[in-house]
Amino acid sequence: MLKTIINLLFIIGCVFGAAYLKDETWRGVFLGGAVTSGLVIVESAVENRKYLWLLFISKCFYRNKLIRFSISYLYRIKIDDKYLLVKGKRINQFQPVGGVYKRHPESKRQLKKLGVLDDDSMPIDDESKDDLRLRVPGKNAVSLVKWFDSKEGREVSAFREFCEELILTNILDKDKFHYIDYSFIDRIEKGIRFSNHFQCYEYLIADIVELRPTTPQVTALKNLISTQSEKYIWVNETTIRKRGYHLDAGVDVTISETSEWTL
């Protein structure tokens with residue numbers, strides 16, 4: 001942002017200089033400088049186009065405020081017209097399989113430069129340690145997202161939460177699901193907003209991936225649909241959009257907002 005402002009001021013200076021100078025050589029120099037700086041701004045804008053809105057609002061309105069980031073991956077596990085949701089560990093609700101990414105030790109120095117702090121909205125234990133739930137000054141919000149997009153120093157696989165929530169809980173057979181395949185579907189980003197629950201500004205990012213089961217795995221998942229359990233539930237799209245209250249389908253549970261992101 002500062003470089004852009006400096007370039008803009010330089011362009012304005014060059015334009016005024018060219019307008020008031022009578023010497024053609026110097027006018028050409030000033031106009032050339034203005035064009036060069038203009039190209040630099042355009043190139044920077046194209047390179048950072050996906051971050052422009054976040055860059056603008058974070059620098060202008062939330063520069064010195066701490067913003068809570070939660071960066072996760074969520075599974076779409078769909079068989080016929082049913083979606084698999086699991087019981088939340090911390091909140092009494094059903095939600096997609098998945099969870100927040102982890103940061104690796106080698107990211108510590110870079111994140112420290114960005115002023116990153118641990119999330120203070122929930123206790124940190126062995127399970128939540130190094131989660132990508134964290135707080136960062138608004139002025140560094142774009143730098144944090146760029147770091148995440150670089151994939152350096154952080155978890156990139158979506159298998160860990162699948163294993164923890166479906167295999168280690170014995171919902172799925174480890175012998176049939178020791179290997180899984182999945183495809184990236186979409187990224188959901190909820191821009192800076194005030195969270196009444198956490199009483200802070202937050203920015204949510206969720207990568208949506210879809211399980212690509214093998215034929216034996218499809219059979220195992222279909223068998224799971226007919227099995228009752230308090231650990232999971234299979235529901236259709238309408239039930240998810242109604243957040244669990246769907247009496248026509250005989251369902252009255254609490255379903256997370258994030259479940260709708262996987263549809």
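The values are calculated or read from the model by the stated rules, or taken from the named source; none is laboratory data. Remember, predicted model here, so these are calculated numbers, not experimental data. Glycine also receives a Cβ, built like all others from the backbone with ideal geometry; neighbour counts cover every protein chain displayed.
Go through region 117-129 and report how many residues are surrounded by 14 or more Cβ atoms within 10 Å (Cβ to Cβ) and more than 24 Å from residue 64 (Cα to Cα).
1
Scan region 98-105 and tell me whether some residue there is over 18 Å from residue 136 (Cα atoms) and in contact with a Lys or Arg (Cβ under 7 Å, 6 or more places away or on another chain).
no
Going by the structure shown, is residue 239 crowded, with 18+ Cβ neighbours inside 10 Å, β-branched (Val, Ile, Thr) and not in a strand (DSSP E or B)?
Yes.
Looking only at region 174-191, which residues are without any contact (Cβ under 8 Å) to a residue 24 or more places away in the chain, over 22 Å from residue 71 (Cα atoms) and surrounded by 11 or more Cβ atoms within 10 Å (Cβ to Cβ)?
Selection gives 174 alone.
Among all residue pairs at least 6 apart or on different chains, which show Cβ distances below 6 Å where the first residue, located in region 223-243, is more than 12 Å from residue 84 (Cβ to Cβ) and the second is among the aliphatic types (A, V, I, L, M)?
Filtered contacts from region 223-243: 237/263; 239/249; 239/251; 243/255.
When you check residue 66 against the structure, is it surrounded by fewer than 21 Cβ atoms within 10 Å (Cβ to Cβ), out of contact with any Gly (no Cβ under 6 Å at 6 or more places or on another chain), at pLDDT 90 or above and of a type in the set (A, V, I, L, M), yes or no?
In short, yes.
If you scan region 88-141, which residues turn out to be among the β-branched types (Val, Ile, Thr) and in contact with an Asp or Glu (Cβ under 8 Å, 6 or more places away or on another chain)?
Restricting attention to region 88-141, the residues satisfying the condition of being among the β-branched types (Val, Ile, Thr) are 91, 97, 100, 116, 124, 136.
Correct list: 97, 100, 124.
Those residues that are in contact (Cβ under 8 Å) with a residue 60 or more places away in the chain, in a strand (DSSP E or B) and touching a helix residue (DSSP H, G or I) at 6+ places or on another chain (Cβ under 8 Å), I need them from region 93-145; list them, please.
Passing the criteria: 94, 95, 98, 99, 134, 136.
Only one of 240, 233, 225 is closer than 30 Å to residue 67 by Cβ, of a type outside the set (Ser, Thr, Tyr) and out of contact with any His (no Cβ under 6 Å at 6 or more places or on another chain); which?
Criteria check complete, one pass: 240.
Can you tell me which condition residue 159 does not meet? The list is (1) loosely packed, with under 15 Cβ neighbours inside 10 Å; (2) over 30 Å from residue 220 (Cα atoms); (3) out of contact with any Lys or Arg (no Cβ under 6 Å at 6 or more places or on another chain), and all the others hold.
(2)
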